[in-house]
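Shown next, in C-alpha cells, is the structure this report addresses.
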Amino acid sequence: MAFNISNARITRFLMQGQRLPVFLGVVITLILTWLSLAPSRGFDSLISRLDNLIYDQRLNIMPKPERNMNFNIVVVDIDEKSLQAEGHWPWDRFKIGRLIETLDKYGALVTGFDINFPEAQRNAVDDVLSRLGDEQISAEAAQQLRAVQDALDANEYMAQAIANTAMDVALAISFNPVEDVQYGMLPDPIVGIDEEIIDSLTLHNMRGFSANIPVLQEATERFGVMSAGTMNQMPDEDGVVRRVPLVVRYGGALYPTLSLEMVRLFYYEDYFELLTESIGNIERVSGIRIGPSGTRYNIATDERAQVIVPYVGSSWLSGEGKYPYVSATDVLNERVDPSVFENALVLVGTTSTGMFDLRSTPVGAVYPGVEVHANMLNAILDTLEVPEVDSGSQTDNASVLSGLSRENAPRFPYKPSWEQFAIFTTILSLGLILSVLMPFLGPLWLSLTGISFLVAAVWSNFMLWSVYKLDISLTLLLMLIVLLTVANMAYGFLSERMSRETIKGMFDQYVPPAHIDAMLENPDSYSFDGESRELSVLFSDIRDFTTISESLSATELKTLLNEFFTPVTGIIFDHQGTIDKYVGDMVMAFWGAPLDDPEHRVHAVSAALEMLDKVEELKAQFAEKGFPEVNIGVGINTGLMNVGDMGSVYRRSYTVLGDAVNLGSRLEGLTKFYGIKLLIGENTEKELSGYVCRLIDKVKVKGKDTAIKAYEPLCRESEASEELLARVAAYHKALDCYLAQQWDEAERAFKELLTQEPETKLYTVYLERIATLREEVLPQDWDGAFTHTSK
C-alpha cells in the first residue's frame, strides 16, 4: 500500500505549505534587490529622504568626533556687532586689507575668506572726477587728485596686504549652474585629472561662477600658484548640508573647496590630484591627493568627489560651538589676545542673518556656513598623515607640525565605492535566507527573528559608522526585514488552521502518532517538497513467501499478512519510522523524514532487531492457527536519498529514491545467501554506537562496481555475553586471515567456528570460498570483495 494522497489534499497542501511564503519572500527580495541597482526616480527620492532621516538620527545618537586641538582653527565673524561698529556690508577694501594685516601681525598661518570680491571697489578719485567733470574742477585740482589716486586704490591696498604678508590667503569662488553668471577671474586650475576620462566622471558640473577681481586673485600667488577655493556646500534634496564636494568641475577644469585649499597652503603643496578607480568599464572618483604621491595626503571621497561633513557638535550660535569665534571689529581694533591667532588657520565669514550664510544641518536648523568649512578643515587636517620634519629646511607651518604624533585614521565618514554592491549582496543573501527561514518559524520566533535582525542591522550600521566611518544606506535593508516579517506573520495566521487539518488527514496512517503530534505543534517543521537527505531505509521480506501463499487460501493468506504487518508496523512506529509501502510480503520503511531524526541509524537497527524478536513470538501463534512458519530477512542502508511527494496527477506517494535505497533492498536479498537475518550497510554501521556488529563480507552487488562492507548487528552492547563477544572476536580473526590470503590459518579458524556453531551457514560460505581461491591466481590489488550476480 503506497503513501497516496488525493488531488484535493495535494491542493490544500500546496496552499498551506511553505512554498507560497518562500515564493513571496523571494519576490520581495528580488524587487528590493532590483531597486537597489536601478531605482525609479520617485522611489530613489523616497529612499534618499529616509536614508537622510536615519543619517541625522545616527549622527546625533552616536558620539561625535572631537575637534583636533593640535590645530588652531579660528572663525573671524562679520557679525551684527561688527556691522554696527564698522558699517554695513560690503566693507571698504582698506578695512579688509587692514583685517588681513592684523591677522598676519597676530601670527595666523593661513586665512581663508568665506566671502568673495567679484567686483572692483571704485576709487574715490574716480568718483570725484566723474561727478564734478572738467567744468567744475580746475586742471590743477584734477592733477592733484590724480596724484593721490593710487594711494586711494582700495583694491590695490587689499591686494598688497595679501601679497606682502607672511600669511597665506585663500579667496573664495562661488560656482553656480547659470551659464550667464560669470564674474571675476578664475585662477589656473591646480587639480590634476586625465582629460580623457573627465567627461565620464559624475562630478558636480558648474556653468557659471562668481570669483574675485584679477588684482586680488593675482595677489594670492605663491611660487607661481594662485589660491582660491569654492564656497559651494551642495545641500541635499531636503535642504540640509550633509556633504561637501572637495572639488567641482567648471568646463574642463576642477577647483577645490575652500577648506581643502587652505590645507594645501598649510602643507606648502603645489597641486591636487583627483584619484579614480576602474569598476568594470566605468571610471569612478575615489579620492583626492594633496601634493605628490610621496606625501600620502589622500582623502577618500564618493563618486561625486564629495565627503560627509563630520560635525563635531552644535554651532556657535547655539552656545555649544567647538570653534572659537572672534568678532571682526575686535580684530580690526586689535582688542584680541594675540594667543588666540597664534599659528592659526583662520576662516573669515559671517553669522549675520542679513548676509544669508546660514545653513540647515543635521546638528542644527540654523548653522553658519563658515562653521561648515571649519568642520571640514578640522576633519581634513585630522585625516592627513603628518609628514616627517626635516629640521632646518621647513618653514613655520612645518615647525607647528613637528611636535605632533597621530595615527592616520580617517575622520571623514564616507560612502565607499562598493556600497551599492554591498547593499545588493546583503539584501539578496539576507532576503533569500529569511525567505527560507521565516516560513518555518512560529509567530513568537518569527517576531523575535524580525526584531533581532532589525536590531542587528541598525547596530551593525551604527558600528560601521562609529568604527570605520562608513555611511551605508540602511533603508532598503530595514524595509526588507519588515516586509518579510509582516508577510510571513500574515500568511502564518491564515494558514495555521488549514495546515493542522491537512497534516492530520495525510499522515495518520503512515507515520507514528508522535510524529503527527510534533507536526501539529510545529507545522512548519515538515515539507512534501522533494529534497536530498541522509536517511536510513529498511526492507523486510518474508522468506519463501511463494511456498507459504500456495499452502493457504486467500482468506488465510490475508489473515496471516494482517497479523504479521500489524505488529511489525507498530514496531516501526514505536521507533519513529515512516512506512513507505507494503508490496506483497515486503514492507519498506525509512527514518529521517518527514521530520528530522539525527538518530535514524539507531532507530532503524533497533526496530529491525525488535522485528526479528517479534517474528519468533509469531511463530508459536501461527502454529496454533495452522499457519506455516514465518521467517524474514531484513536489510538496512544509510545514505543520501531523494525524499518527497512523487508520482502523477492521478496517484502520488511520499517515498524515497536513490542508489542508497536500492542498496538497502540488495542487502535484504543477501541475507538468504549468508544464512543470516539482518544485514546493514557500512554507512549505517559507521556511526552506529551501542551495538555489537560483525563484518559479514565485502561485496559488490549487482549493478555496482564499488565494493561495500556489510555488517550484521547482533545485539546491544549491554546485552552481549562474554561468550558472544569471544565468538565475534574469533570470527573477525578468521576473517582477517582470509583477507590476508593466509588460507591455512583462515580455514583452520573457520572450521573451529563451524564446529562450535554447525548450523551457521556463514562459516560454510567462507570455507567453500577458501577452497576455490586456493586454486586461483589473485590480482595484486585483491581486497577480498565478492561479486554477487543476483539480486
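Assorted remarks:
- Cross-link partners for Lys469 among the lysines, with Cα-Cα distance under 18 Å and sequence neighbours closer than 8 places in the same chain left out: Lys64, Lys415.
- Computed from phi, the 3J(HN,Hα) profile of the stretch 452-460 under the Karplus parametrisation 6.51, -1.76, 1.60 (θ = phi - 60°) reads 4, 5, 4, 4, 5, 5, 5, 4, 4 Hz, with x in place of Gly and Pro.
- Using the Karplus relation 6.51 cos²θ - 1.76 cosθ + 1.60 with θ = phi - 60°, the per-residue 3J(HN,Hα) values for the stretch 356-373 come to 6, 10, 9, 10, 9, 10, x, 9, x, 6, 10, 9, x, x, 5, 6, 4, 5 Hz, with x marking Gly and Pro.
- At full extension, Thr772 and Ser447 could sit 110.0 nm farther apart than now, given 0.36 nm per residue minus the alpha carbon distance.
- Under-5 Å amide H pairs with Gly229, H placed in peptide plane, nonlocal only: Leu171, Ala172, Ile173
- Karplus-derived HN-Hα couplings along the stretch 187-192 (A = 6.51, B = -1.76, C = 1.60, θ = phi - 60°), whole Hz, x at Gly and Pro: x, 4, x, 10, 9, x
- Taking 7 Å steps out from each Cα toward its Cβ at Glu66 and Phe223 produces label points 3.3 nm apart.
- Peptide packing for 703-714, 679-690 was compared via the average number of neighbouring C-beta atoms within 10 Å per residue; ordered from the highest value, the list is 679-690, 703-714.
- Calculated on C-alpha atoms, the gyration radius of the stretch 255-345 divided by its Kirkwood radius gives an Rg/Rh of 1.11.
- Of (1) 93, 30, 21; (2) 70, 35, 23; (3) 52, 36, 32, the label for semi-axes √(5λ) of the Cα gyration tensor in Å derived from the coordinates: (1)
- For Glu534, nonlocal amide neighbours, meaning residues 5 or more places apart or on other chains whose placed amide H falls under 5 Å from its own, are Met641.
- Sorted peptide list for 259-265, 72-78, 548-554, criterion being average Cβ within 10 angstrom, highest first: 259-265, 72-78, 548-554
- For the stretch 659-761, the antiparallel share of DSSP beta bridges with both residues in that region comes to about 100%.
- Ordering 152-158, 225-231, 429-435, 34-40 by mean Cβ neighbour count within 10 Å, with the highest value first, yields 225-231, 152-158, 429-435, 34-40.
- Percent antiparallel among DSSP beta bridges (both partners in the chain, rounded to 5): 65 percent
- Amide H contacts under 5 Å for Met185, placed H, 5+ residues apart: Ala211, Asn212, Ile213
No value in this document is a laboratory result; all are computed from the given coordinates. Note that this is a predicted model, so its numbers are computed, not measured. As a convention, Cβ positions derive from the backbone with ideal geometry for all residues, glycine included, and neighbour counts pool all protein chains shown.
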